[in-house]
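Trainee: Pasting in a structure now, in structure tokens, and then I'll have a few things to ask.
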Amino acid sequence: MRPVQKVGLYALVGIMAFALIFALLPTPGLDASQSGARLSGVQLRLYPSGDADATWSFRAADVRNDPVAGLTTLTGITGGQRLLKERVGGKLTGRETLDATLTTPELTIDDQDTMTTRQARITLVQQCADIDLQGTEQTPVKIEQGQGFSATEAKINSTSLTGTIRDLKMTFAFSILDSSPNSKYSVPLDPTETCRDGKRVPLT
């Protein structure tokens, strides 16, 4: 299938226009599970309205849209990336830099471009931080545009911070906004590695 570009959730809805027009027509006996559209083998980009300098790109084996609930669900995801638009002197250069990668089996995007899933790994490239996020059905992992992400439990492995943090809220700049006092993590007093250009480098 040809690449699909997604400008927020509504742009993806626009791409699926034919199916959605059909789905929105009043049809007796049609429930939400039968409405919407479904695509296979899709490459898409999300341009969140709440984070103008960031874009997300994904490849998904299956994309389902539910216009009644305002949700788009991606499964079979590969190549999840958060890219930042480069600015020089306050002006966009047209280039992008890799800020984070996202690995998850399934992702749901709502009409505010908030993404939720049961489990995910986010790697913050410039901090060389691997963060394994775990949620529940009631409290899923949440990625909020322009803010950061949250999870009921997060295991962090980085050059500057390691451990398990419960009820984590963190920014994309690797700053902890909130956490449970039951968390167990530490900052190495004598680090053996540093993060340089997105790679771990031994200290000599």
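The values are calculated or read from the model by the stated rules, or taken from the named source; none is laboratory data. All values derive from a computational prediction rather than experimental measurement. All Cβ positions, glycine included, derive from the backbone under ideal geometry; neighbour counts span all protein chains shown. Quick note on the areas: whole protein, heavy atoms, side chains included, nothing else; ligands and nucleic acids left out. Shrake-Rupley method; radii C 1.70, N 1.55, O 1.52, S 1.80 Å.
Trainee: Which of the residues belonging to the stretch 182-204 are of a type in the set (D, E, K, R) and open to solvent by less than 100 Å² (accessible area, probe 1.4 Å)?
Mentor: Result: Glu193, Arg200.
Trainee: Being open to solvent by 20 Å² or more (accessible area, probe 1.4 Å) and on the phi > 0 side of the Ramachandran plot, is that true of even one residue in the stretch 116-128? So that I can check it myself, show each step before the final result.
Mentor: To start, the set of residues in the stretch 116-128 that are open to solvent by 20 Å² or more (accessible area, probe 1.4 Å) comprises 116, 118-119, 121, 123, 125-127.
From what's left, on the phi > 0 side of the Ramachandran plot: none.
No; the residues of the stretch 116-128 include none that is open to solvent by 20 Å² or more (accessible area, probe 1.4 Å) and on the phi > 0 side of the Ramachandran plot.
Trainee: Take Thr164 and decide whether it is surrounded by fewer than 14 Cβ atoms within 10 Å (Cβ to Cβ), part of a strand (DSSP E or B) and without any contact (Cβ under 8 Å) to a residue 24 or more places away in the chain.
Mentor: no
Trainee: Any residue that is among the polar types (S, T, N, Q) and at pLDDT 95 or above - is there at least one of those in the stretch 45-66?
Mentor: Among the residues of the stretch 45-66, at least one is among the polar types (S, T, N, Q) and at pLDDT 95 or above, which makes the answer yes.
Trainee: Would you say Ala100 is modelled with pLDDT of 95 or more, in contact with a strand residue (DSSP E or B) (Cβ under 6 Å, 6 or more places away or on another chain), among the aliphatic types (A, V, I, L, M) and surrounded by fewer than 21 Cβ atoms within 10 Å (Cβ to Cβ)?
Mentor: Criteria not met by Ala100.
Trainee: State which residue pairs qualify: first residue at positive phi and inside the stretch 172-193, second residue part of a loop (DSSP other than H, G, I, E, B) in any location, beta carbons under 9 Å apart, and separation of 6 or more residues or different chains.
Mentor: Matching pairs, first to second residue: Phe174/Ser158; Phe174/Ser160; Phe174/Leu161.
Trainee: Which one is nearest to the chain's Cα centre (by Cα) among residues in the stretch 104-124 that are under 14 Å from Asn157 (Cβ atoms) and of a type outside the set (D, E, K, R)?
Mentor: Ile122
Trainee: Test Asp111 against the criterion of being modelled with pLDDT under 95, open to solvent by 40 Å² or more (accessible area, probe 1.4 Å) and in contact with a Leu (Cβ under 9 Å, 6 or more places away or on another chain), and give yes or no.
Mentor: Spelling it out, Asp111 is indeed modelled with pLDDT under 95, open to solvent by 40 Å² or more (accessible area, probe 1.4 Å) and in contact with a Leu (Cβ under 9 Å, 6 or more places away or on another chain).
Trainee: Here's another thing I want to ask about it. With Ala154, Ala173 as the choices, which residue is crowded, with 18+ Cβ neighbours inside 10 Å, aliphatic (A, V, I, L, M) and over 18 Å from Thr73 (Cα atoms)?
Mentor: Exactly one of Ala154, Ala173 is crowded, with 18+ Cβ neighbours inside 10 Å, aliphatic (A, V, I, L, M) and over 18 Å from Thr73 (Cα atoms), namely Ala154.
Trainee: To continue, here is another question. Which residue out of Gly70, Gly146, Gly135, Gly80 is without any contact (Cβ under 8 Å) to a residue 24 or more places away in the chain and open to solvent by less than 60 Å² (accessible area, probe 1.4 Å)?
Mentor: Gly135
Trainee: On to the next question. Go through the stretch 116-132 residue by residue and tally those that are free of Cβ contacts under 8 Å to residues at least 40 places away in the same chain and either of a type outside the set (S, T, N, Q) or under 19 Å from Leu71 (Cα atoms) (or both).
Mentor: Kept after step one, since they are free of Cβ contacts under 8 Å to residues at least 40 places away in the same chain, are these residues of the stretch 116-132: 116-123, 130-132.
Remaining after also requiring either of a type outside the set (S, T, N, Q) or under 19 Å from Leu71 (Cα atoms) (or both): 116-122, 130-132.
Adding up the residues that qualify gives 10.
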